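> Sharing a structure here in structure tokens format.
The values are calculated or read from the model by the stated rules, or taken from the named source; none is laboratory data. It should be emphasised that the depicted structure is a prediction, and the values quoted were computed from it without experimental measurement. Cβ atoms come from the backbone with ideal geometry, glycine included; neighbour counts cover every protein chain shown. For accessibility, only protein heavy atoms count, side chains too; no ligands or nucleic acids. Shrake-Rupley method; radii C 1.70, N 1.55, O 1.52, S 1.80 Å.
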Amino acid sequence: MKRRAVIPVAALCALLGAGVFSWWKARATPTPPGPAVAAVSTPMPSAPRVGTPAPHRAVLTASPTSATPTLPPMPGSLQDTEEDGSAQVDASGHLVVSVDLRRLFDYYLSAMGEEGLPVIRERILASLRAKNLPAAAMEEAVRVLDDYLAYRDAARTFAANQRGAELDLGARLESLRELRREHLGPWAEGLFGDEERVDAVSVERMKLQQDTTLSPEERERRIAALDEQLPAEYRASRDEALRPLRQQAVERELVESGASAEDLRQHRLATVGAEATERLEAMDREEAEWKRRLAEFRSRREALGQSEPNPAARQAAVQRLLFDSFTPEERLRVEALDAIDAAAGAP
């Protein structure tokens, strides 16, 4: 089973960033997940929120042996995937409203377009029932879900109305923050609190980067102070993601300063361990072979450009050379590199 990924990535960046992520695979052992953060129960409203939108209440075919509606097969995008997120309760049997609960909702909501919202809502409810939550927690989960769906509708309307409006990023984020509290009340903190703190720090960082009155030292000091306001889990994830880039930067400096292959090997052994060092060295050999093949292809392509005067015949010959020299995935990488070189004005 595979875990469904919900974060889009630009194709060109993915192609050219393959080396960074391949480097990260070369570590000796995967970094174990960080310790679970103790769940804190978000205060629950004493009564259901008035005006829960009725359209989210699904009417589906009921099974003759159960009151639970019969759901159609999972949509294609969710097949062969593992459910993301979770639903937790505190010691008193009430729902813990957290980003994990939001991830559970979003896992099923990511299939919007493949099936209607009433069906998706019933899928979420079926998942919650299967977790055997206490009665109070289940009731709270239904209310949170419907308020969350109402918020999503309002957020889409807000985004449509703001197109072309002269609002800076900070103002837009603050408007979203207010919209969440309008629809979700005290639950907004559990579902979005950490994300909002990260966004607020990002906005302040941008302001500092654009402040020409600050010296580089003062700017770095203030940015470091801002980073201390980030959630601990976010800081750990960011540092983990940046570690391969920092490793590459250090290795580049070592090579540029005249370090030998043995010096580089010893550095890797000390920083990532023996197994990862072997994988990195294998990747170095693969990258060197790739560069050799790319250089050979470009040389032969240039020769075709000089020897074949007919443009159509020259283009056909170049395409044959490309197909003969690389796999489909490699051809995409070659085309991406050519596009970057063209944009940079490279010959």
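> The stretch 294-347: percent of C-alpha pairs farther apart than 18 Å?
Pairs farther apart than 18 Å: 34 percent.
> Choose one of Leu191, Ser175, Asn161: the residue whose Cα lies farthest towards the positive end of the charge dipole of the stretch 150-247 (beta-carbon charges +1 Lys, Arg; -1 Asp, Glu; about the Cα centre).
The one lying farthest along the dipole's positive direction is Asn161.
> So, with a 1.4 angstrom probe, what is the percent of accessible area on the stretch 142-223 that is carbon and sulfur?
50
> Is there a quick way to get the dipole size of the stretch 129-286? I mean about its Cα centre, with the Cβ of Lys and Arg at +1 and of Asp and Glu at -1; what is the value in debye to the nearest 20?
For the stretch 129-286, the charge dipole is close to 420 debye.
> Give me the extension gain from Leu214 to Leu254: residue separation times 0.36 nm, minus the current Cα-Cα distance, reported in nm with one decimal.
Working: separation 40, 0.36 × 40 = 14.40 nm, distance 3.18 nm.
My answer for the length gained is 11.2 nm.
> Points 7 angstrom from Cα along the Cβ direction at Asn161 and Glu329: gap in nanometres?
Taking the two extended label points, one gets 4.7 nm.
> OK, next. If a/c stays under 1.5 just call it rounded; otherwise compare a/b with b/c (prolate if a/b is bigger, oblate if not). Do that for the stretch 191-347, with a ≥ b ≥ c from the square roots of the Cα gyration tensor eigenvalues. Present the calculation step by step, with values, prior to reporting the outcome.
On the way: a/c = 2.48, a/b = 1.70, b/c = 1.46.
Here the stretch 191-347 falls in the prolate category.
> Which residues' amide hydrogens lie under 5 Å from the amide hydrogen of Gln88, considering only partners 5 or more residues apart or on another chain, with H built in the peptide plane?
Amide H to amide H, under 5 Å and 5 or more residues apart or across chains, Gln88 pairs with Val96.
> Right, another one. Quick one: pull the percent of accessible area on the stretch 232-310 belonging to carbon and sulfur, 1.4 Å probe, ligands and nucleic acids left out. Could you put the intermediate results ahead of the total?
Numbers: 2720 of 5400 Å².
It is 50 percent, rounded to a whole number.
> Then there's this: Per-residue HN-Hα couplings for the stretch 183-189, Karplus 6.51 cos²θ - 1.76 cosθ + 1.60 at θ = phi - 60°, whole Hz, x for Gly and Pro?
9, 10, x, x, 6, 4, 5
> So, for the stretch 157-234, what is the accessible surface per residue at a probe of 1.4 Å, expressed in square angstrom?
Heavy-atom SASA per residue in the stretch 157-234 reads 63 Å².
> Quick one: what are the phi-derived ³J(HN,Hα) couplings along the stretch 222-231, Karplus 6.51/-1.76/1.60 with θ = phi - 60°, whole Hz, x for glycine and proline?
5, 5, 4, 5, 4, 4, 5, 7, 6, x
> Can you give me the accessible area per residue for the stretch 72-134, using a 1.4 Å probe, in Å²?
Accessible area per residue, the stretch 72-134: 42 Å².
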